[in-house]
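Remarks on the structure that follows.
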Amino acid sequence: MSGVVLALLLVQGVGGVDRTKPPTLAPPPALKLPPVRTTTLPNGLELAVVEIHKVPVVDISLVLDAGAVRDPANLPGLATFTATMLQQGAGRRSALDIADEAAFLGAQLSSAAGFDVATVSLHVPKRRLAAALDLLSDVVLHPTFPDSEVTRQRELRRTQLIQQRDEPTQVASVAFPAIVYGAAHPYGRPLAGNDSSVTGLSRERVVAFYASFYRPNIARLLMVGDVTLDEARQLVTARFGAWARGDAPATAVGAAPQPSPRTIYLIDKPGAAQSVMRIGHVGPPRGTPDYFALQVLNTILGGAFTSRLNQNLRETHGYTYGAGSQFALRRAGGPFVAQASVVTAKTDSALIEFLKELRRIRDEAVPAAELEKAKQYINLGLPGDFETTAGAAFRFRDLLVYGLPLDYFSGYADRINAVTAADVQRVAQRYIDPDRFDIVIVGDRGQIEAGLKALNEGPIVYRDLWGQVLP
Amino acid sequence: MTLRTLCPALVLLLSCAPLAAQSLRVPYETFTLPNGLQVIVHEDHSVPVVSVNIWYHVGSGDERAGRTGFAHLFEHIMFMGSQHVPTGEFDKLLEAAGGDNNGSTTEDRTNYFEDAPANALPLMLWLDSDRMGFLVPEITAEKVDLQRGVVQNERRQSYENRPYGLADENILKRLYPPSHPYNWPVIGSMTDLSAATLEDVRNFFRTYYTPNNATLTIAGDVTARDARQLAQRYFGDIPRGPTVTRPTPPPVVLPGDVYATLEDRVQTPRVYNAWHTQKAFAPDDAGLDVLANVLAGGRSSRLYRRLVYELQVASDVVAFQDGSRLDGKFELWVTARPGHALGELQRVVDEEVRKVADAGPTLREVQRAQNTFEAQFLSRMERVGSFGGKADQLGFYAYFVGTPDYFQRDLDRYLKVTPADVQRIARDYLANAHRVILSVVPQGKPELAVQAPVQP
């Protein structure tokens, strides 16, 4: 790169500077990624290693098919609770011992669950790797789930559920999927559970969930950083080699409900300074062949600072500190959502602008320059995503979870470049349907209801803080 | 710290101190252009990206009464276009080159970064130099009004519509007298934001946004030679500005404990303790970080163990030392579980602080904190860009200690702390010192607040 810049300087002359137009740039650097190398232990545990040796740290993630889609319908919160409970006692270690030892090793140890998978992760200086892996394997293989800890964590969660209701953005994040999917679909149930399910989080349920789904044959262990495949294989085999396979039944995620005509769901937060808005419906799964077109579409619509939603609602109108959109791509179709927190007095005006942009992206082909900017932003930003071990792990993890080829990123830019304006319009029309939007607004009903009614963009329905029908 | 755009991952990191293991070295070159701009260059060719990070030596601490929040409002205006960069183009050109950017304002300084593929460096410098040298002609009342609206929404989103969000400004106004520039929060007040005029914007720019009041750091896949030439090329002709004088208020001492109660739309009350301590990099600043870790750093800390784990009267505890240019403060927060009044929690806080002051922490507790910090320093070496990356850190050290590659010496401050230091620090700065005690309670429940002792 350095030679190129220098050549440019000589051409332009070092004296004056032409400020009237942006400098012409040399071609961007090529994406050069370290390879992912994998091996599978006899018990089915897939080990993947990405060597990055610039800083002596290692980032480890164990990803298990033990997400909230496994929750019994009447016990939402069990997957996330089980993940939390791993760290509350393991082998001879108590909950406090585990926390103390992780901190003493300078290791960040965490365990959490999303809808599709649970992840136990560890970020640690290289020289403490072996000791930290001892701790990690204890937590994963020998959790003791003491009764006293189950009670303690259950009561803590009860408090957190109360606190969540004070936070309007969290209320919206629970209510929106509840309304879009309903309680019969796992994506419609709250990850942390609710007031009634928290009572059912017992030791027996945790033990059973753990025994079924914390198994090597439905897990992958990704190590990124200052480690080699041979070294990793040795370290991992010694600790996870005896982990017994299990017969985890496949979980069938049922079909999402048929979308209903556009409706505004109002959740009252008296005195709120802003209205938290979530607009969308069920979207496609990660496996969609339209993945690349969707990346470009969303970058244009709401995935970057200069995206249409942010430019309109923030930079043109000043209604919000930020607006955006996303397709939550999961194994089954996750939600498409456009969102912002807007000043209470402009809630109706903000909804007009949201709907305008969400219709325009379907109705008009995207201009060439805007399409090009989005594609460049996605492609040229790719190298930066792999700068840190944690950043690289975040990108590589997807390949393992969704069964994508290990050289996936080498063809990524070409597939983004192949997306046309017609593709963007086609996927917008296919995956964004303003006539079927669920519009969820958490705000001060007394201040915003009349304005929303006057828009005549759909019936207004009232819901509680969980997105459920009011009694 | 107040940011131009919200970055959720970062918000979580703010309460974490930094980390490393071997000797940390970030080789750099530095030089000063004739107009006074200090330039720092660091080569890291591991990934083909480059980061540009400018620190302007101005923050909310330079604001005047009636104009609180102005430094941060100005930060937003810096993205609204300059003489050769039409409104909106700053972000568009950068995104089209694969780059990202953000800005942040604190009491003491304002910074701006761009991260992009290495070939985009001339573009980044063209953009940043244009707004340093050619902003004034383009500032209009419309632009100011628009970003005023955005910032007022930032205040609503991050403070007013967030549980406990107004605690900070209620602490500051009790910890500092109105004459001290840390008396108000960086975000400012709604009234003052509304009062800012076009003339305020122009004057502020002419006074503070000058090459002689800034430090430019370029880090990443570039040679020092190219970076130097480009910096000269784009920034060399910007005229020097007036010499900046900044407030130097006398040290602040609280004459007594200050109790206050704030009713908020929350269901669980929270108590905040705040003490005056030491400035950034002053003696005991690092020891105060270690003390914060011993008291409330994670689940193995003393207060977590007592309040959350054993007594089960609290849902979380937080403690941190916040050293700034003019002063430092130590804060300690505890959130109650339903059914528990704050006085009950506060008694345990006082007991635990007293125990550290009387008997000190164990050696293992201090080592645990040191290992945690060391690991954080190390992971920070992985990235050149964004907030907290190497470019930002070089600018940070240049600003506070005058030596850009201060990484290892900064870590050494932590590694030198002994249990006896922590004991003395707990005694002198916390146990035997006055503080602000702010109770945030549900509306209509003032009885849950920590009660001031009855005066004799």
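Looking across region A:20-52, just one residue is more than 10 Å from every other protein chain (Cβ to nearest Cβ) and basic (Lys, Arg), and that is A:Arg37.
Going by the structure shown, is A:Thr320 in contact (Cβ under 8 Å) with a residue 12 or more places away in the chain and more than 9 Å from every other protein chain (Cβ to nearest Cβ)?
No; evaluated as a whole, the condition is false for this residue.
Residues in region B:116-172 that are surrounded by fewer than 22 Cβ atoms within 10 Å (Cβ to Cβ), in a helix (DSSP H, G or I), free of Cβ contacts under 8 Å to residues at least 60 places away in the same chain and more than 7 Å from chain A (Cβ to nearest Cβ): B:Pro137, B:Glu138, B:Ala141, B:Glu142, B:Asp145, B:Tyr159, B:Asp168, B:Glu169, B:Leu172. Quick check: anything in region A:76-95 surrounded by fewer than 19 Cβ atoms within 10 Å (Cβ to Cβ), in contact with a strand residue (DSSP E or B) (Cβ under 9 Å, 6 or more places away or on another chain) and of a type in the set (Lys, Arg)? So far as region A:76-95 goes, no, none of its residues is surrounded by fewer than 19 Cβ atoms within 10 Å (Cβ to Cβ), in contact with a strand residue (DSSP E or B) (Cβ under 9 Å, 6 or more places away or on another chain) and of a type in the set (Lys, Arg).
For A:Thr151, the test of being more than 10 Å from every other protein chain (Cβ to nearest Cβ), farther than 21 Å from A:Gly467 by Cβ and of a type in the set (Val, Ile, Thr) is failed. Among the residues that make up region B:182-198, is at least one of them more than 13 Å from every other protein chain (Cβ to nearest Cβ), buried (at least 18 other Cβ atoms within 10 Å of the Cβ) and assigned to a helix (DSSP H, G or I)? For region B:182-198, residues more than 13 Å from every other protein chain (Cβ to nearest Cβ), buried (at least 18 other Cβ atoms within 10 Å of the Cβ) and assigned to a helix (DSSP H, G or I): present.
Of all the numbered requirements in (1) within 14 Å of chain B (Cβ to nearest Cβ); (2) surrounded by fewer than 22 Cβ atoms within 10 Å (Cβ to Cβ); (3) touching a residue at least 24 places away in the same chain (Cβ under 8 Å), A:Arg362 misses one, and that requirement is (1).
For (1) in a strand (DSSP E or B); (2) out of contact with any Lys or Arg (no Cβ under 8 Å at 6 or more places or on another chain); (3) free of Cβ contacts under 8 Å to residues at least 12 places away in the same chain; (4) small (Gly, Ala, Ser), each residue gets a yes or a no:
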position: A:Leu33; (1), (2), (3), (4): no, yes, no, no
position: A:Asn43; (1), (2), (3), (4): no, no, no, no
position: A:Val49; (1), (2), (3), (4): yes, no, no, no
position: A:Val55; (1), (2), (3), (4): no, yes, no, no
position: A:Ile60; (1), (2), (3), (4): yes, yes, no, no
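Looking only at region B:82-115, residues that are among the charged types (D, E, K, R) and at the interface with chain A (Cβ under 9 Å from one of its Cβ atoms) come to 6 in all.
So, in region A:246-293, of the ones that are of a type in the set (D, E, K, R) and modelled with pLDDT of 95 or more, which residue ends up surrounded by the fewest Cβ atoms within 10 Å (Cβ to Cβ)? The residue in question is A:Asp290. Evaluated against (1) part of a helix (DSSP H, G or I); (2) surrounded by fewer than 24 Cβ atoms within 10 Å (Cβ to Cβ); (3) more than 14 Å from chain A (Cβ to nearest Cβ); (4) not hydroxyl-bearing (Ser, Thr, Tyr), B:Leu326 falls short on exactly one condition, (1).
The condition of being surrounded by 19 or more Cβ atoms within 10 Å (Cβ to Cβ) and touching a residue at least 24 places away in the same chain (Cβ under 8 Å) holds for only one of A:Leu399, A:Leu406, that being A:Leu399. In region A:173-190, is there at least one residue being among the basic types (Lys, Arg) and more than 21 Å from the chain's Cα centre (by Cα)? Checking region A:173-190: not a single residue is among the basic types (Lys, Arg) and more than 21 Å from the chain's Cα centre (by Cα). Taking region A:323-345 as the range and being outside any strand (DSSP E or B) and within 9 Å of chain B (Cβ to nearest Cβ) as the test, only A:Thr344 passes.
Any residue at all in region B:64-77 that's at pLDDT 95 or above, assigned to a helix (DSSP H, G or I) and more than 20 Å from B:Ser189 (Cα to Cα)? No, region B:64-77 contains no residue that is at pLDDT 95 or above, assigned to a helix (DSSP H, G or I) and more than 20 Å from B:Ser189 (Cα to Cα). Kindly indicate whether any position in region B:366-382 is within 14 Å of another protein chain (Cβ to nearest Cβ) and closer than 18 Å to B:Ala431 by Cα. Scanning region B:366-382 turns up no residue that is within 14 Å of another protein chain (Cβ to nearest Cβ) and closer than 18 Å to B:Ala431 by Cα.
Pairs, please: C-beta under 6 Å, at least 6 apart or cross-chain, first residue assigned by TED's automatic domain parsing to the domain that holds A:Leu294 and in region A:378-389, second of a type in the set (Lys, Arg)? Partner pairs satisfying both residue conditions: A:Asp385/A:Arg395; A:Glu387/B:Arg383; A:Thr388/B:Arg383.
The values are calculated or read from the model by the stated rules, or taken from the named source; none is laboratory data. Treat the numbers as computed from the prediction; the structure is a model and nothing was measured. Positions of Cβ are backbone-derived with ideal geometry, glycine not excepted, and every protein chain shown enters the neighbour counts.
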